[in-house]
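One structure is given below, encoded as structure tokens.
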Amino acid sequence: MAVQLTGPEDFAFARRSVGPSRPPELLAKVSRAGTLFFVVDRYEITFQDGGSETVYLERLERLLGLDEDPDRGFYEADSIDADPDELLERLFATETKRHVGLLRSHFEARSPVEIEVHANVVYRLMQDDWEAMLAFLNERLPEEGALRVEEIQTFDVEAMIAFDPEEDEPAREDGTGFVMYFHEQDEEDDGLPLLGLCILAHAVVHDIEWMDVEEEPLYDRVLWRAG
């Protein structure tokens with residue numbers, strides 16, 4: 001079962017607390033672990049009279065009478081070397097081709113003048129990816145600081161999330177020492193090891209076989225505008 005981090009273990013909060021928020025588009029490619037998805041969140045339709053309507057992805061099939069397709073709106077990178085920009089462009093092009101015409105027809109009586117799509121990023125880490133992520137982290141740690149999955153199992157994820165580099169004393173035992181180390185390297189490595197550490201620690205400590213880390217919608221594009 002996929003898990004979206006929420007509540008006190010919210011991943012966006014974790015990254016804000018330990019450094020600048022880093023969208024995970026590049027994490028799979030850089031770490032050689034996990035999978036990148038772009039996922040449609042919603043469509044915003046604007047009408048000639050100035051009104052608007054929001055159609056969320058989960059409503060689309062019922063609204064348009066489409067066959068059920070669990071992959072609709074999900075765009076998975078075909079390899080860890082996939083270019084995120086190219087994958088996002090594929091989303092925009094496919095959504096234009098498949099759904100814009102149907103949305104225009106459905107709302108024809110209300111005279112639509114613009115259809116915009118909003119998409120978010122999903123980074124998926126499977127249990128089979130743990131060792132690859134661990135290798136990525138260990139390549140960036142001093143030799144004497146190398147991590148093992150067994151050690152990560154003892155970390156205090158809540159302490160890692162709440163850790164404040166300016167006020168708290170880091171410790172190896174609870175994982176905050178590694179948060180501090182990668183925080184100090186943030187500008188050099190664009191924050192990706194810190195991102196990977198927090199994801200891996202959460203997955204390992206909670207023994208999550210299939211974890212999806214989802215960013216709020218970050219990307220949007222007008223797919224159609226009345227001429």
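The values are calculated or read from the model by the stated rules, or taken from the named source; none is laboratory data. Fair warning: this is a prediction, and the values are worked out from it, not measured in the lab. A quick note on method: Cβ atoms are made from the backbone with ideal geometry, for glycine too, and the neighbour counts reach across all protein chains shown. The protein model used for the area step is the full one, side chains on, heavy atoms only, and it has no ligands, DNA or RNA in it. Shrake-Rupley method; radii C 1.70, N 1.55, O 1.52, S 1.80 Å.
Given the alternatives [x] 46, 38, 32; [y] 67, 34, 29; [z] 64, 36, 34, Cα extents along the principal axes in Å as computed for this entry is given by [y]. In the stretch 116-141, which residues have a backbone nitrogen under 20 Å from the label point lying 7 Å from ASP81's Cα in the Cα-to-Cβ direction? Correct set: 132-133, 136. Under 5 Å between amide hydrogens, built in the peptide plane, is the criterion, and for TYR56 it picks out TYR43 among residues at least 5 positions away or on other chains.
Could you tell me what percent of the accessible area of the chain is made up of carbon and sulfur, with a 1.4 Å probe and every protein chain present? The value for the chain is 44 percent carbon and sulfur by accessible area. On the basis of the beta-carbon distance and an R0 of 22 Å, ALA146 and GLU166 show a calculated FRET efficiency of 0.25.
Please report how far the C-alpha centroid of the stretch 68-128 lies from that of the stretch 154-184, rounded to the nearest whole angstrom. The distance from the Cα centre of the stretch 68-128 to that of the stretch 154-184 comes to 37 Å.
Per residue, the accessible area of the stretch 100-158 comes to 51 Å² when a 1.4 Å probe rolls over the protein heavy atoms. FRET efficiency for the ASN138 to GLU209 pair, using the beta carbon distance and R₀ = 25 Å, is estimated at 0.65. Peptides 87-94, 195-202 ranked from most to least packed give 195-202, 87-94, packing being the mean of other C-beta atoms within 10 angstrom over each peptide's residues. On full extension, the segment bounded by THR154 and MET126 gains 8.1 nm, given 0.36 nm per residue less the C-alpha separation.
Using just the helices of the chain, give the 222 nm mean residue ellipticity in deg cm²/dmol: DSSP H runs with n ≥ 4 each add -39,500 (n - 2.57), and the total is spread over all residues, rounded to 500. If you can, show how the numbers build up before the last one.
Numbers: 11 runs with 86 residues, N = 227.
Helix contribution divided over all residues of the chain: -10000 deg cm²/dmol.
Mean-square fluctuations from a GNM of the chain, with a 10 angstrom spring cutoff on Cα atoms, peak among TYR181, TYR43, TYR123 at TYR181.
For the stretch 112-168, GluC sites (Glu not before Pro) are listed when DSSP marks them as loop and at most 16 other Cβ atoms sit within 10 Å of their Cβ; the list is GLU166, GLU167. Please give me the summed charge of the neighbours of GLU114: other residues whose Cβ is under 13 Å from its Cβ, Lys and Arg +1, Asp and Glu -1. Residues near GLU114 contribute -1 overall. The charge dipole of the chain, taken about its Cα centre with unit charges on the Cβ of Lys, Arg, Asp and Glu (plus for the first two, minus for the last two), comes to roughly 1260 debye. Farthest towards the positive end of the charge dipole of the chain, among the residues PHE182, GLN48, VAL122, is the Cα of GLN48, using unit charges on the Cβ of Lys, Arg, Asp and Glu. Per-residue extension of 0.36 nm, minus the Cα-Cα distance of THR96 and GLU184, leaves a gain of 27.4 nm for this segment.
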